1. If ligands, DNA and RNA are left out, what is the accessible area of H154 with a 1.4 Å probe, given in Å² to the nearest 10?
2. Along the Cα-to-C-beta direction of R222, a point sits 7 Å from the Cα; which residues of the range 139-178 have their amide N less than 19 Å from that point?
3. How big is the Rg/Rh ratio for the range 53-163, C-alpha atoms only, Rh by Kirkwood, two decimals?
4. If I take R0 = 30 Å and measure r between the Cβ atoms of A173 and V22 in this structure, what FRET efficiency does the formula 1/(1 + (r/R0)^6) give, to the nearest 0.05?
5. Limiting things to C-alpha atoms, what are the Rg and the maximum Cα-Cα separation (Dmax) for the range 30-113, in angstroms?
6. Using a basic spin-label model with each label point 7 Å from the Cα along Cα→Cβ, how many nm lie between D193 and T297?
7. Quick one: if you take sqrt(5λ) for each eigenvalue of the C-alpha gyration tensor of the range 142-211, what semi-axes come out, biggest first, whole angstrom?
8. A290 to E181: extension gain in nm, 0.36 nm per residue of separation minus the Cα-Cα distance?
Amino acid sequence: MHAAVLSTADRPPVYAEHAEPVAGTRDEMVVEVLAAALHHLTRAKAAGAHYSSTAALPLIPGVDAVVRGPDGELRYAVLDDTAYGTFAERTVIDVRRSVVLPRDSDPVRIAAAMNPAMSSWVALRRRIDFATGRRVLVLGATGNAGRMAVQIAHHFGAGQVIACGRDAGRLAALTAVGAGETITFDKAGLAADVDVVLDYVWGEPAAEAMMAMLTHRADRGRPLTWVSIGSVAGPAAPVPSVALRSAQLRIVGSGIGSVSARDILAELPALAAAVNDGTIDVQARPVPLAEVSRAWTAGSGDRVVFVP
Ligand SMILES: NC(=O)c1ccc[n+]([C@@H]2O[C@H](COP(=O)([O-])OP(=O)(O)OC[C@H]3O[C@@H](n4cnc5c(N)ncnc54)[C@H](OP(=O)(O)O)[C@@H]3O)[C@@H](O)[C@H]2O)c1
């Protein structure tokens, strides 16, 4: 079969012939890959840089995919650490880490959406107590995950969603998907009175936004829940002690590990339904897998989805 093969972490994978995957345990199944997206997690795991990665090179990257099994069912599958990822014509899935999709699902849309969308979906459903009417700030809203977070916060009944980012032009486009207000990082003080922050940025911009918001907050006794989901601006944020002492601020994280695999999987059918019925608008760019070397370094535009 053909696959994307990564032999060294400092160069993109190459499209090449590769041995067929083989199922091991009785929960494993060899499947045909229909669509597999290039997420931050995919690159981080391939580089051995993600906290959950253990696989050694060479490997086939790809952490999830829409696949078809020998039973003919369409599935969305998430892979554990493996040298046989989803950027291939065929791979091996653990059936217990997959969900069956409706037959009319669009594989490219589902593959593009599930990883970025589950970041806010799982955070709001499994990591915090999120009540209808809450005001939400999405920090780093112009990316795939942030854009979906705006929509998903609305889906779960947010009273107001403010989108924050560094690019005013890209922010403006978010009003079409439900952002009531859009602000750049230097104006974070304007979002001082939200109840929940979904933070994709972390690093210095998040710490600065946090202090600006706390400084301008009308009632610091009112709970503010800050959910760290991504860290595009840096792995560490210099949060001063006073931030935690001077307000009812609670900082939590949401991701693999802080939410169990079982709880994440339990959310996937409803999330897939929301993608299928258009509740969540998806920006996907299908690319032939043969072009993997060129597309590997794609930036933060439409999510690249490899089609073998
Ligand atoms: N915990 C989870 O469950 C989970 C799941 C999925 C993703 N994530 C994480 O969420 C983050 C975003 O993922 P994504 O799929 O949305 O990525 P993406 O589509 O590539 O978007 C990246 C976003 O980060 C912004 N950005 C990049 N560098 C920045 C900087 N130095 N300062 C401020 N903003 C910056 C970009 O802004 P511009 O538009 O201005 O370029 C864009 O909004 C990643 O860290 C990813 O690993 C976490």
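1. Taking all protein chains as shown, H154 has close to 70 Å².
2. Residues passing the 19 Å test: 139, 154, 157-164.
3. On the way: Rg = 16.5 Å, Rh = 15.8 Å.
Across the range 53-163, the Cα-based Rg/Rh ratio is 1.05.
4. Values: r = 46 Å, r/R0 = 1.52.
With a Förster radius of 30 Å, E is 0.10.
5. 12.2, 37
6. Computed distance between label sites D193 and T297 equals 4.7 nm.
7. On the way: eigenvalues 62, 38, 25 Å².
Over the Cα atoms of the range 142-211, the semi-axes work out to 18, 14, 11 Å.
8. On the way: separation 109, 0.36 × 109 = 39.24 nm, distance 4.10 nm.
Computed gain between A290 and E181 is 35.1 nm.
The values are calculated or read from the model by the stated rules, or taken from the named source; none is laboratory data. None of these values were measured; they are calculated from a predicted model. Methodologically, a virtual Cβ is constructed for each residue, glycine included, from the backbone with ideal geometry; neighbour enumeration extends over all protein chains shown. For accessibility, only protein heavy atoms count, side chains too; no ligands or nucleic acids. Shrake-Rupley method; radii C 1.70, N 1.55, O 1.52, S 1.80 Å.
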